[in-house]
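**Q** Below is the structure I would like to discuss, written out as structure tokens.
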Amino acid sequence: MGIAVLEKKILQTPRFSVVERVFKSRSRCVIRHPGAVTIVPWVDSKRICMIRNYRDAVGRELIELPAGTREPGESALETAKRELAEETGYHCKRLEPLLEFFVSPGIMDETMSVFVASELTAGSQELMDDEEIEPLIVEFEEAIQWIRNGKICDGKTIAILLYLGSMS
């Protein structure tokens, strides 16, 4: 494909932008995203904290791991701490990087940084006005079963939980 001759912004939103990359004979629109994080909060050796989250883009609730978009100037680690507290109410003593991957490289440059949180302390959620999130404590093996039976259909959650399951 090569290097674009020109790149022009065609849309700017608070969370992402869309740019048109112009090549010699064609163009392509790409979503530019600041990056996001997902957290795997281990409540104990067998259970994780997931969330039931209403997702406006698909018009329904999904069961997923806590996650969020990086703010300008915020490191992935800082975002992970913030999102864990906001969405689940938990704070952690340990937060370790697990992996990083591209979410959908065919249309966007978003990277997902994944962290494992442990030694949790319960607190109160700090949801934004437009968020409808309910924490769920789930046995890890049950979450894997939920992937198999279609109860979990969020791509990042499926990929991360199966990755973790392959490590055991």
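The values are calculated or read from the model by the stated rules, or taken from the named source; none is laboratory data. Predicted model only: the values in this text are computed from it and were never measured. Cβ placement follows ideal geometry from the backbone for every residue including glycine, while neighbour counts extend to all protein chains displayed.
**Q** Restricting to region 12-27, what's the tally of residues that are among the charged types (D, E, K, R) and closer than 25 Å to Lys156 by Cα? Working first, answer last.
**A** Going through region 12-27, the residues among the charged types (D, E, K, R) turn out to be 15, 20-21, 24, 26.
Subset that is closer than 25 Å to Lys156 by Cα: 15.
Summing the residues that are among the charged types (D, E, K, R) and closer than 25 Å to Lys156 by Cα in region 12-27 gives 1.
**Q** Can you pull out every residue in region 29-45 that is without any contact (Cβ under 8 Å) to a residue 12 or more places away in the chain and polar (S, T, N, Q)? Working first, answer last.
**A** First pass over region 29-45, keeping only residues without any contact (Cβ under 8 Å) to a residue 12 or more places away in the chain: 44-45.
Selection gives Ser45 alone.
**Q** Would you please list the contacts, defined by Cβ atoms under 8 Å and residues six or more apart or on different chains, that run from a residue in region 141-167 that is under 15 Å from Ser104 (Cβ atoms) to a residue that is surrounded by fewer than 18 Cβ atoms within 10 Å (Cβ to Cβ) and among the aromatic types (Phe, Trp, Tyr)?
**A** Close Cβ pairs (under 8 Å, with a partner that is surrounded by fewer than 18 Cβ atoms within 10 Å (Cβ to Cβ) and among the aromatic types (Phe, Trp, Tyr)) amount to Ala159/Phe101.
**Q** May I pose another question? Does Phe23 meet the test of being among the aromatic types (Phe, Trp, Tyr), more than 29 Å from Glu139 (Cβ to Cβ) and touching a strand residue (DSSP E or B) at 6+ places or on another chain (Cβ under 8 Å)?
**A** On the way: among the aromatic types (Phe, Trp, Tyr): yes; more than 29 Å from Glu139 (Cβ to Cβ): yes; touching a strand residue (DSSP E or B) at 6+ places or on another chain (Cβ under 8 Å): no.
Taking the combined requirement at face value, the residue does not satisfy it.
**Q** Counting only residues that are under 12 Å from Cys49 (Cα atoms) and among the β-branched types (Val, Ile, Thr), which one in region 136-153 is surrounded by the most Cβ atoms within 10 Å (Cβ to Cβ)?
**A** Val138
**Q** If you don't mind, there's one more thing I want to ask. Anything in region 50-95 that is within 14 Å of the chain's Cα centre (by Cα) and hydrophobic (A, V, I, L, M, F, W, C)? List them, or say none.
**A** Met50, Ile51, Leu62, Ile63, Leu65, Ala67, Ala76, Leu77, Ala80, Leu84
**Q** Given the criteria surrounded by fewer than 16 Cβ atoms within 10 Å (Cβ to Cβ) and under 13 Å from the mean Cα position of the chain (by Cα), does Ser104 qualify? Even if it seems obvious, please write down each step before you answer.
**A** Working: surrounded by fewer than 16 Cβ atoms within 10 Å (Cβ to Cβ): yes; under 13 Å from the mean Cα position of the chain (by Cα): yes.
In short, yes.
**Q** Which residues, counting only those in region 96-113, are in contact with a Lys or Arg (Cβ under 8 Å, 6 or more places away or on another chain) and in a strand (DSSP E or B)? Let's see the steps before the verdict.
**A** The initial filter retains those residues of region 96-113 that are in contact with a Lys or Arg (Cβ under 8 Å, 6 or more places away or on another chain), namely 103, 108-109, 112.
Result: Met108, Met112.
**Q** Thr121: under 15 Å from Trp42 (Cα atoms) and surrounded by fewer than 16 Cβ atoms within 10 Å (Cβ to Cβ), yes or no? Walk me through how you get there before you give the answer.
**A** Working: under 15 Å from Trp42 (Cα atoms): yes; surrounded by fewer than 16 Cβ atoms within 10 Å (Cβ to Cβ): yes.
Criteria met by Thr121.
**Q** While we're looking at this one, here's another question. For region 56-86, give me each residue that is farther than 20 Å from Lys151 by Cα, in contact (Cβ under 8 Å) with a residue 12 or more places away in the chain, of a type outside the set (A, V, I, L, M, F, W, C) and surrounded by 13 or more Cβ atoms within 10 Å (Cβ to Cβ).
**A** Of the residues in region 56-86, the ones farther than 20 Å from Lys151 by Cα are 68-86.
Keeping just the survivors that are in contact (Cβ under 8 Å) with a residue 12 or more places away in the chain gives 68-72, 76-77, 79-86.
Filter again for of a type outside the set (A, V, I, L, M, F, W, C), leaving 68-72, 79, 81-83, 86.
Scanning region 56-86 gives Gly68, Thr69, Arg70, Thr79, Lys81, Arg82, Glu83, Glu86.
**Q** Please count how many residues of region 104-135 are closer than 17 Å to Ile158 by Cα and either touching a Ser or Thr at 6+ places or on another chain (Cβ under 7 Å) or among the aromatic types (Phe, Trp, Tyr) (or both). Please lay out each step first, then the result.
**A** Initial filter on region 104-135 (closer than 17 Å to Ile158 by Cα): 104, 111-116.
Within this subset, residues satisfying the condition of being either touching a Ser or Thr at 6+ places or on another chain (Cβ under 7 Å) or among the aromatic types (Phe, Trp, Tyr) (or both) are 112, 114-115.
Summing the residues that are closer than 17 Å to Ile158 by Cα and either touching a Ser or Thr at 6+ places or on another chain (Cβ under 7 Å) or among the aromatic types (Phe, Trp, Tyr) (or both) in region 104-135 gives 3.
**Q** Looking at region 1-55, which of its residues are exposed (fewer than 13 other Cβ atoms within 10 Å of the Cβ), within 30 Å of Leu162 (Cα to Cα) and either of a type in the set (Gly, Ala, Ser) or modelled with pLDDT of 95 or more (or both)?
**A** Of everything in region 1-55, those that are exposed (fewer than 13 other Cβ atoms within 10 Å of the Cβ), within 30 Å of Leu162 (Cα to Cα) and either of a type in the set (Gly, Ala, Ser) or modelled with pLDDT of 95 or more (or both) turn out to be Asp44, Ser45, Lys46.
**Q** Follow-up. Please give the number of the condition Lys156 fails out of (1) surrounded by 15 or more Cβ atoms within 10 Å (Cβ to Cβ); (2) of a type outside the set (S, T, N, Q); (3) out of contact with any helix residue (DSSP H, G or I) (no Cβ under 7 Å at 6 or more places or on another chain); (4) modelled with pLDDT under 95.
**A** (4)
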